[in-house]
Amino acid sequence: MPTWEDLFELIRSTPNVRFRDIRKAFLDTAQTYNELWIAGKLDEGLYRQKGTRWQQVIATIIIARTGAVLTGGEIEGLTSTHRPDMALFRDDGVPLLVGEAKMAGTRAHATPSGVRRPERGGSVDLEKRLKEVKYTSVDLKLRYGGTQIGEWQEWIRSSLPHFYSFWAFLIVGRDRPERILGRMRSLREYYHDGIGVCMFRFEDDKYIAYEGPEFDEFDVDVAIDEIITLI
């Protein structure tokens, strides 16, 4: 059974690793844990760590290629304290880069106690998650980039910290990939510096990534390359 540690070791051992190099291994590992969860054989606490695992995949790729020290922890915004998944600070303590990673969607399953639960699409709670990352980005940029905004999109692009988000969506049921991509497009245009999306479905007993020009627009490797350029 492929484990997350196997995946992290693959990332660390692949020269100049890119997400596309390990995407299949990522999906295979995610599927393995989902199969155990569906069968009621995986502790709920371990399953709920899938979002953390997605964040670790992105961070491990960046660390493997740059040697940068990415941290979590608290960062003060203008009005609130935030706990982003990833952050890189300048020597003067100002955050240069902040990143969030979100993974959503599950198939119908039984809990370890035998209770059946319906499938939950990747777009469930999407609006709530979008509001969270929009607010985090703006509140941090207001503190470190200043409150003299001027032209909004120019201010978003020029203000620190540079803000990136990475999303992994399992598409099931009534999910509409084009609607999710539309939300991602607006998020990138008005709130974030860059976005990477991995969208996948369950087909022929395995997880398969969506591909095509509309998905290339949010290529995970493009967002990672931009971060590496900043570092």
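The values are calculated or read from the model by the stated rules, or taken from the named source; none is laboratory data. Small disclaimer: the values here were computed from a predicted structure and weren't measured. With ideal geometry, Cβ positions are generated from the backbone for all residues, glycine too; neighbour counts draw on all protein chains shown.
Note on the stretch 9-33: residues that are out of contact with any strand residue (DSSP E or B) (no Cβ under 9 Å at 6 or more places or on another chain), assigned to a helix (DSSP H, G or I) and at pLDDT 95 or above amount to 9.
Take Arg174 and decide whether it is charged (D, E, K, R) and within 30 Å of Ala209 (Cβ to Cβ). Judged against the criteria, Arg174 is a match.
Within the stretch 191-221, track down each residue that is outside any loop (DSSP other than H, G, I, E, B), under 29 Å from Ile156 (Cα atoms) and in contact (Cβ under 8 Å) with a residue 40 or more places away in the chain.
Gly196, Cys198, Met199, Val220, Asp221
Scanning the stretch 64-76 for residues that are modelled with pLDDT of 95 or more, of a type in the set (D, E, K, R) and under 23 Å from Ser137 (Cβ atoms) turns up at least one hit.
If you check Asp175 against the conditions, is it out of contact with any Leu (no Cβ under 8 Å at 6 or more places or on another chain), over 19 Å from Pro84 (Cβ atoms) and at pLDDT below 95? Answer is yes for this residue. Of all the listed residues (Arg185, Arg174), the sole one being charged (D, E, K, R) and more than 27 Å from Thr229 (Cα to Cα) is Arg174.
Here Asp139 meets each of (1) in contact (Cβ under 8 Å) with a residue 60 or more places away in the chain; (2) in a helix (DSSP H, G or I); (3) farther than 19 Å from Ile75 by Cα; (4) over 15 Å from the mean Cα position of the chain (by Cα) with one exception, condition (3).
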